[in-house]
Amino acid sequence: MPSVGLNTAFTVATSVLNVSVDPFFAFNFLIEIEGLLVGGFSECSGLEVETEFYDYREGGMNDYVHRFIGPTKYQPLILKHGLTPIPGLWTWHQEVIQGIDTGKFKRRNGTIYLLNQQKIPMKWWNFKEAFPYKWSGPEFRANSGDVAFESVELFHKGLS
């Protein structure tokens, strides 16, 4: 029996199942933050999870090093979008600043959706208990026609 190449099997499987396996476009995403009206985002970065490890050298074993799992770290999410009259991110950041002394500020959950070409969510990442620790406003230049952007950086307690 002749062997079927991986590409051929992949093509047959996708045509029989009527499933598209093209990679998703990075510009096709949506971010929802619970109860916060913010508009569309032009950039999102920080979808990164890293589990640390540490090495332990056992006495008398020179050919092997034990690796033990350490804590898991989540990078801050960085969200950027064109500045609009909707002050959602700025207001949330100001609430955090005012609530620092009392510990009473609103942490919010959210979801980052990766959409297909028909704007249907295909993959998503939920972040939990986030709060903005940094807000950056636009850079102004008299000789530029660029859109004014704001950026917010969020600490969160994990991705799922």
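Which members of the range 145-160 meet the condition of being of a type in the set (Gly, Ala, Ser) and not in a strand (DSSP E or B)?
Selection gives Gly145, Ala148, Gly158, Ser160.
Among the listed residues Gly70, Gly103, Gly82, identify the single one that is over 16 Å from Leu154 (Cα atoms), in contact (Cβ under 8 Å) with a residue 60 or more places away in the chain and surrounded by fewer than 17 Cβ atoms within 10 Å (Cβ to Cβ).
Just one listed residue meets the conditions, Gly82.
What's the number of the only condition in (1) of a type in the set (D, E, K, R); (2) loosely packed, with under 10 Cβ neighbours inside 10 Å; (3) modelled with pLDDT under 90 that Asp55 fails to meet?
Here Asp55 clears every test but (3).
Is at least one residue of the range 85-93 in contact with a strand residue (DSSP E or B) (Cβ under 8 Å, 6 or more places away or on another chain), assigned to a loop (DSSP other than H, G, I, E, B) and not β-branched (Val, Ile, Thr)?
Within the range 85-93, not a single residue is in contact with a strand residue (DSSP E or B) (Cβ under 8 Å, 6 or more places away or on another chain), assigned to a loop (DSSP other than H, G, I, E, B) and not β-branched (Val, Ile, Thr).
Please specify each residue of the range 109-160 satisfying the condition of being among the aliphatic types (A, V, I, L, M), touching a strand residue (DSSP E or B) at 6+ places or on another chain (Cβ under 8 Å) and surrounded by fewer than 16 Cβ atoms within 10 Å (Cβ to Cβ).
Met122, Val147, Ala148
Given the conditions (1) surrounded by 11 or more Cβ atoms within 10 Å (Cβ to Cβ); (2) within 21 Å of Leu159 (Cα to Cα); (3) not β-branched (Val, Ile, Thr), and given that Gly88 satisfies all but one, which numbered condition is not satisfied?
Tallying (1) surrounded by 11 or more Cβ atoms within 10 Å (Cβ to Cβ); (2) within 21 Å of Leu159 (Cα to Cα); (3) not β-branched (Val, Ile, Thr), Gly88 fails exactly one: (2).
Based on this model, can you work out whether Leu77 counts as touching a Cys at 6+ places or on another chain (Cβ under 9 Å), at pLDDT 95 or above and surrounded by 16 or more Cβ atoms within 10 Å (Cβ to Cβ)?
yes
Show the residue pairs meeting these rules: Cβ distance below 6 Å; 6+ apart or different chains; first residue within the range 27-53 and among the charged types (D, E, K, R); second residue exposed (fewer than 14 other Cβ atoms within 10 Å of the Cβ).
Once the first residue is among the charged types (D, E, K, R) and sits in the range 27-53, its partners that are exposed (fewer than 14 other Cβ atoms within 10 Å of the Cβ) give Glu50/Lys73; Glu52/Gly70; Glu52/Pro71.
Exactly one condition in (1) more than 26 Å from Val147 (Cα to Cα); (2) at pLDDT below 75; (3) loosely packed, with under 12 Cβ neighbours inside 10 Å is false for Phe10; which is it?
Phe10 satisfies every listed condition except (3).
The values are calculated or read from the model by the stated rules, or taken from the named source; none is laboratory data. It should be emphasised that the depicted structure is a prediction, and the values quoted were computed from it without experimental measurement. Please note: Cβ atoms are built from the backbone with ideal geometry, for glycine as well, and neighbour counts cover all protein chains shown.
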